[in-house]
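The values are calculated or read from the model by the stated rules, or taken from the named source; none is laboratory data. Please read these numbers as outputs of a predicted model, since none were measured by experiment. Ideal geometry is used to build each Cβ from the backbone, glycine not excepted, and the neighbour counts take in all protein chains shown. Surface areas here come from the heavy atoms of the whole protein model, side chains and all, with no ligands, DNA or RNA. Shrake-Rupley method; radii C 1.70, N 1.55, O 1.52, S 1.80 Å.
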Amino acid sequence: IKPVPFDPNEALKLLNGAGWKDTDKNGILDKVIGGKKTELSITILDPSPDFMKYLTVYKEDASKIGVDIQIKNVEWNSFVSLLDSRKFEAVRM
């Protein structure tokens, strides 16, 4: 398996090409979707406090190109309940 290179500048080019720009200069990319300005913000729910240090690095790297990431530690049963009810757009497992 060929690894995907870590290239924030290339990621920003792809996001810009998809219409994501920092139009209000607040440091977060945004785009008009359905007539409403939407910021590029992602919430990551994670049941493992031990993994938080890695997610924090991910959050810091993403913020450098204008992606807002919120990290929320949730109790395992709550996490499983959200999975079962499919109340997420993406999941890391």
* **Number of the condition not met by Asn77 [criteria: (1) open to solvent by 70 Å² or more (accessible area, probe 1.4 Å); (2) in a loop (DSSP other than H, G, I, E, B)]** => (2)
* Asked: What do you reckon, is Glu60 acidic (Asp, Glu) and at pLDDT 90 or above?
  -> yes
* Considering (1) surrounded by 12 or more Cβ atoms within 10 Å (Cβ to Cβ); (2) under 13 Å from the mean Cα position of the chain (by Cα); (3) assigned to a strand (DSSP E or B), say which one Gln70 fails and leave the rest. => (1)
* segment 57-67 - residue that is open to solvent by 40 Å² or more (accessible area, probe 1.4 Å) and free of Cβ contacts under 8 Å to residues at least 40 places away in the same chain and, of those, nearest to Thr38 (Cα to Cα) -> Ser63
* Asked: Any residue in segment 23-39 that is at pLDDT 95 or above, under 16 Å from Lys64 (Cβ atoms) and more than 16 Å from the chain's Cα centre (by Cα)?
  -> yes
* Looking for whichever is under 27 Å from Asp7 (Cβ atoms) and aliphatic (A, V, I, L, M) here; the options are Val80, Val74, Val57. Which one fits? => Val57
